[in-house]
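Note sheet for the following structure.
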Amino acid sequence: MRQCSVLRPAGAHYTGAMQEPWVVVISGPPCSGKSRLAGRLAGRTGWPCLAKDPFKEVLFDSLGTGDATWSARLSQAAFELLFVAADAVLATGQDLLLEGNFRAPEHGERLMRLVAGRARLVEVACQADPGLLVSRHAARAADGSRHPGHLDALRPWDPSALVRYAPLGIKPGFVFDSGSDLGDEPLFDALAAAGVPVPRDGARSRTGDTGR
């Protein structure tokens, strides 16, 4: 089961922030640890999390699966749905997590427009050694853990595609190496130091309890 979905995490509470909310964009190539990190950060903060793949999988279920061209079309549609949902969440003044394989040419400027004048934006760019990405993709294709519409078993991961998933250039920005032994805590500490209200381990955030 995916940890990050299109739904608000259970038990989250919001009281209407007086300051501009934060939008944390979790980007990176396939198999770089985006979903796991987004799930961890959503659990820590209690913020709603919008991820591209659950939107895409709803489209697969509604419209059917197909070839790689069809999958790419539904990816574009899923991003459109994600941006519509993000706009609606930001209209309520809530902090927000966005997770997906965002690409600078298509999504960088659009993310800036999304938050302009109403939210603060930060990027966490996930990465891992190319060999680890390849082995993770092979394992995922073999275990069938994802929706078959993604065609994982038919599309081996090509490390040359990494250039498509370079960091978006959002400032402040952080790089998270999901292959590191350090875990998530150094990243969470860095986000907190930058002003993002990420509570310490064991102290889940509620908007209104963080001084905002």
query: Toward the positive end of the charge dipole of segment 26-193, about the Cα centre and with charges on Cβ (Lys, Arg +1; Asp, Glu -1), which of 38, 85, 157 goes farthest?
result: 85
field: Cα→Cβ-extended label distance, 7 Å offset, between residue 19 and residue 69, nm
entry: 5.0 nm
Segment 110-116 - phi-based ³J(HN,Hα) in whole Hz, Karplus 6.51/-1.76/1.60, Gly and Pro as x: 5, 5, 5, 5, 4, 9, 3
- prompt: Roughly how many debye, to the nearest 20, is the charge dipole of segment 44-99 about its Cα centre, given +1 on each Lys and Arg Cβ, -1 on each Asp and Glu Cβ, and no other charges?
  reply: 60 debye
query: In the chain, what % of DSSP beta bridges are antiparallel (nearest 5)?
result: 0 percent
query: If R0 is 25 Å, what FRET efficiency do you get for residue 76 and residue 116 from their C-beta distance, rounded to 0.05?
result: 0.65
- prompt: Can you list residues whose amide H is under 5 Å from residue 124's amide H, if they're 5+ apart or on another chain and H is modeled 1.01 Å from N?
  reply: 25, 26, 27, 174
- prompt: Mind checking which of 69, 45, 92 has the largest fluctuation in a GNM of the chain, springs on alpha carbons under 10 Å?
  reply: 69
- prompt: For the chain, with equal point scatterers placed on the C-alpha atoms only and solvent neglected, what are the log10 I(q)/I(0) values from the Debye formula at q = 0.09, 0.10 1/Å, to two decimals?
  reply: -0.34, -0.42
task: Compare 138, 193, 78 in a GNM of the chain, Cα atoms joined below 10 Å, and give the one with the largest fluctuation.
output: 193
task: Any chance you could give the angle, 0 to 90 degrees and rounded to 10, that helix 52-63 forms with the longest Cα principal axis of the chain?
output: 50 degrees
task: Before rounding to the nearest 500, sum -39500 (n - 2.57) across all DSSP H runs of length at least 4 in the chain and divide by the residue total; then give [θ] at 222 nm in deg cm²/dmol.
output: -11500 deg cm²/dmol
task: Would you mind ranking 67, 95, 177, 129 so that the residue whose beta carbon has the fewest other beta carbons within 10 Å leads the list?
output: 67, 129, 177, 95
message: Taking the 0 to 90 degree range and rounding to the nearest ten, how far is the long axis of helix 34-45 tilted relative to the main principal axis of the chain, both from C-alpha atoms?
response: 20 degrees
- line: So, over other residues within a Cβ distance under 12 Å of residue 142, counting Lys, Arg +1 and Asp, Glu -1, the net charge is +1
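Values in this text are rule-based calculations from the coordinates and carry no lab data. All values reported here derive from a predicted model rather than from experimental measurement. Using ideal geometry, Cβ is built from the backbone for each residue, glycine included, and neighbour counts are taken over all protein chains shown.
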